[in-house]
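Report on one structure; see the data block that follows.
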Amino acid sequence: MIAAMGNSEYLSRRTAPLLQEFNRTDALLVGTDHPRETRSAVRPEGIEVTDRDAVLADRNVDIVYISSATGGHFDDCRAALAAGKHALVEKPVCLTAAEARELDSMARACDRTVFECLSYPYHPAWSDFVARVRVEDWTDPVSVSAVFRTPGRKPTDFRRHPRHGGAAADLGTYCVDALLRLGAVAEDLDIAPVLFGDSETDGGAALTSRLIDGRTFTYTGSWAIGDSYANSVVVADPRRRLELIRAFSPPVGAPVRVLERTSGEAGPAVVATSRPTNATRACLTAGTRHLRDAKTAGLVGFPAVLRRIAVLEKAAATLPA
């Protein structure tokens, strides 16, 4: 049985009903040290709210979905492993490379699995986009950009707090992950905070270039909390431009399109259309397969996750205390 630890808005809005589906029952045990706020949208049917220790002690629970504030992921994951549970953890699984190494080592030692729930790569639109990028005959120079900016976070939102990694952990995770999947070298990425006139805005950027088959690829990531909304991945050369809009939060009930813009054309052409997909469900399906079928011990995808966390750790180091 899957239970949850934490009380995030994402659990309330998106994940709790899916976990009930995976349990094949309306029952879902949610352990939290913080009472649920009235804004929570978790359906009351079948939801039993208790404390964290009750979840960890329950012998019927073999998987814990960790939905606590970002800075608590590491400790909650360690607690789940120590209790003999597998762990599904909202992104990022932790905030430092040292923590990632410890989780992987601990999980291997106790023959348990930790899976980071970063959903966007499990949507078919991402696969369509990457496949199209790989078959294109790009002309030098080539730019690869990933942008994720969201307005509206309250100053008290945990995502803005340095203890929880700020915008780098919340939004930078997506941008850096996408750049690495598209060929950027983690060790070469330069990370810097982005300064805005608005002191309430928290942002950052990543930049690197590399030579691939005689062509220069420049990789740029940009993220911010408190700025205008943007959410896309774009690959472009002097002749054409491939765009995946809503790359990191694809809509659940509608198809997602890959657009191509070419010089001399008035508007974009649709070059791929994915089927409507719930990326969170697809990600959880992959995670539970690792946990229950493959019996993979350790942090799934450890080398890639470690490289990305190490990159973003640089950004977190620039945040004020």
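The values are calculated or read from the model by the stated rules, or taken from the named source; none is laboratory data. Computed from a predicted model, the values in this text were never measured in an experiment. Cβ: placed from backbone, ideal geometry, glycine included. Neighbour counts: every protein chain shown. SASA here: full protein model, heavy atoms, side chains in, ligands and nucleic acids out. Shrake-Rupley method; radii C 1.70, N 1.55, O 1.52, S 1.80 Å.
Things worth noting here:
- Value of [θ]222 nm, deg cm²/dmol, for the chain, DSSP H segments ≥ 4, -39500 (n - 2.57) each, nearest 500: -8000 deg cm²/dmol
- Counting heavy atoms of the protein chains alone, SER249 has an accessible area of about 40 Å² for a 1.4 Å probe.
- Within the stretch 286-309, backbone nitrogen closer than 17 Å to the virtual label 7 Å beyond the Cα of ASP62 toward Cβ: 286-298
- Multiplying the residue separation of SER263 and ARG13 by 0.36 nm and subtracting their alpha-carbon distance yields 85.8 nm.
- In the chain, the longest principal axis of the Cα atoms and the axis of helix 73-82 are about 50 degrees apart.
- Relative contact order (percent, whole number), the chain, Cα cutoff 8 Å, 6+ residue spacing: 20
- Cα-Cα separations in the stretch 243-321 greater than 14 Å, expressed as whole percent: 77
- For the stretch 33-189: rounded, prolate or oblate by the Cα gyration tensor [a/c cutoff 1.5]: prolate
- Student exercise, the chain dipole from Lys, Arg, Asp, Glu Cβ charges, in Debye to nearest 20: 560
- Segment ALA286..ILE245, full-extension length gain: 12.4 nm, with 0.36 nm per residue of separation and the alpha-carbon distance subtracted.
- Dipole size of the stretch 120-214 about its Cα centre, with +1 on Lys/Arg Cβ and -1 on Asp/Glu Cβ: approximately 440 debye, rounded to the nearest 20.
- Aspartates and glutamates whose Cα lies under 13 Å from that of LYS314, excluding same-chain neighbours fewer than 8 positions away: GLU187, ASP188, ASP190
- Share of pairwise Cα-Cα distances greater than 33 Å in the chain is 26 percent (whole percent).
- Each of PRO268, GLY31, MET5 was scored by the projection of its Cα onto the charge dipole of the chain, and the greatest displacement toward the positive side belongs to PRO268; charges sit on the C-beta of Lys, Arg, Asp and Glu.
- Given a 1.4 Å probe and the protein chains as shown, ARG261 ends up with an accessible area of around 90 Å².
- Length gained on full extension, ARG215 to VAL135, computed as 0.36 nm times the residue gap minus the Cα-Cα distance: 27.3 nm.
- Exposed loop sites, defined as GluC sites (Glu not before Pro) outside DSSP H, G, I, E and B with at most 16 other Cβ atoms within 10 Å, are absent from the longest region of the chain, namely 46-135.
- In terms of its Cα atoms, the stretch 147-277 spans 45, 39, 27 Å along the principal axes, sorted from long to short.
- DSSP loop chymotrypsin sites (Phe, Trp or Tyr not before Pro) with at most 13 other Cβ within 10 Å: longest gap in the chain: 1-195
- Within a Gaussian network of the chain (alpha carbon springs, distance under 10 Å), most fluctuating of ARG292, ARG160, ARG78: ARG292
- Within a Gaussian network of the chain (alpha carbon springs, distance under 10 Å), most fluctuating of PRO124, PRO193, PRO276: PRO276
- FRET E, pair GLU21, ARG275, Förster distance 22 Å, beta-carbon r, rounded to 0.05: 0.70
- Spin-label pair SER228/GLU102, simplified geometry with 7 Å Cα→Cβ offset, distance in nm: 4.2
- Fluctuation leader among HIS123, HIS86, HIS290 - the chain, Gaussian network, Cα springs under 10 angstrom: HIS290
- Cβ-placed point charges (K, R +1; D, E -1), dipole of the stretch 1-125 about Cα centre in debye, nearest 20: 240
- Ranking by accessible area, most exposed first, for ARG241, ARG134 with a 1.4 Å probe: ARG134, ARG241
- Projecting the Cα atoms of LEU291, PHE74, CYS110 onto the dipole axis of the chain, where Lys and Arg carry +1 and Asp and Glu carry -1 at the beta carbon, places LEU291 farthest toward the positive end.
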